[in-house]
1. Order the peptides 139-149, 15-25, 101-111 from the highest to the lowest mean number of other Cβ atoms within 10 Å of their residues.
2. Which Cys residues of the chain have no other Cys beta carbon under 4.7 Å away?
3. Which one of Thr133, Thr8, Ser167 has its Cα pushed farthest toward the positive end of the charge dipole of the chain, where Lys and Arg give +1 and Asp and Glu give -1 at the Cβ?
4. What's the magnitude of the charge dipole for the chain around its Cα centre, counting Lys and Arg as +1 and Asp and Glu as -1 at the beta-carbon? Answer in Debye, nearest 20.
5. Read phi for every residue in the range 12-28 and hand back ³J(HN,Hα) as whole Hz from Karplus 6.51 cos²θ - 1.76 cosθ + 1.60, θ = phi - 60°, with x for Gly and Pro.
6. I need the helices of the chain that pass two filters: whole DSSP H segments spanning 18 Å or more by Cα along the axis, and mean Kyte-Doolittle score no lower than -1.0.
7. Can you find, among Leu152, Gly188, Ala74, the residue sitting farthest towards the positive end of the charge dipole of the chain, where Lys and Arg contribute +1 and Asp and Glu -1 at Cβ?
8. Under unit Cβ charges (Lys, Arg +1; Asp, Glu -1), what dipole magnitude, rounded to 20 debye, does the range 115-198 have relative to its Cα centre?
Amino acid sequence: MPTTASATGLALHIGADVLTNERHARWPQARFCRDTVARVSRLCEAAGIHEQLVLLGEQATRARVRDEIAVAVARLDPDGLLVLTFAGHSERDKVDPDETSWCLHDGGLSVRAVSALLADLPATARVIVVSDTCYAAALGQHVATAATVVLLAACGEDQCVLMLPRSDFVVRLESLVLPDGARNPSCGTFAWLHEELQKDVPDVEMPRVWTNHAAAWTHRPFYLREEHAHG
């Protein structure tokens, strides 16, 4: 991602489907990663976010992910929208259950570290994190930025997702926000999206929408400007 002038909207999509860590490499491949990245990229493009960076497979290293998040945070317009996507495996520390990490190409990156990188955003900025992974909602426990963060999580902080070729969560997300490639007029708020994502979904893999600012519940999902249901 370029390091020059700021941008109103930026997106960083991480699909960690090639793992070389000795422990992670024995796990089943997360086959849904590239489909998830493609679907969220389409949501961003429809929102007017044309500057998007995709890190897949061997590109999704700990250093590269940290660096690119830091660059995006530094470049984002003070009133801009950053979309951060992670698709892949996550793991929970056996000693410290509050320590959850995204499994990247060369090892784990804790969600605590991800949250620390986002902490440098100004209070006027907005972030949408699409967390398509096990323990997906755990990121919300560590958000410390004054910026408005909306977490779209594939499952709860203590739940796991199925390793299918496509993520039911992100397929549903795209169909609710952008059915047939056109904006859904019914998708007016994150509160509405939260309710729809949870309909007819098994309790063991329940999507979550979380935010650190109550006002965000009335914002329209994937809009560059901070629009409200009747704005």
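We did not get these values from a lab; they are worked out from the coordinates using the rules stated. The structure displayed is predicted, hence computed values, not measured ones. Methodologically, a virtual Cβ is constructed for each residue, glycine included, from the backbone with ideal geometry; neighbour enumeration extends over all protein chains shown.
1. Result, highest mean Cβ count within 10 Å first: 101-111, 139-149, 15-25.
2. Lacking a cysteine Cβ partner under 4.7 Å: Cys33, Cys44, Cys103, Cys155, Cys187.
3. About the Cα centre, the residue reaching furthest to the positive side is Thr8.
4. 260
5. 10, 10, 10, x, 8, 10, 10, 10, 10, 3, 3, 7, 5, 5, 8, 7, x
6. Membrane-span-like by this criterion, though nothing is claimed about a membrane: 33-47, 62-75.
7. It is Ala74, whose Cα lies furthest towards the positive end.
8. Computed about the Cα centre, the dipole is about 180 debye.
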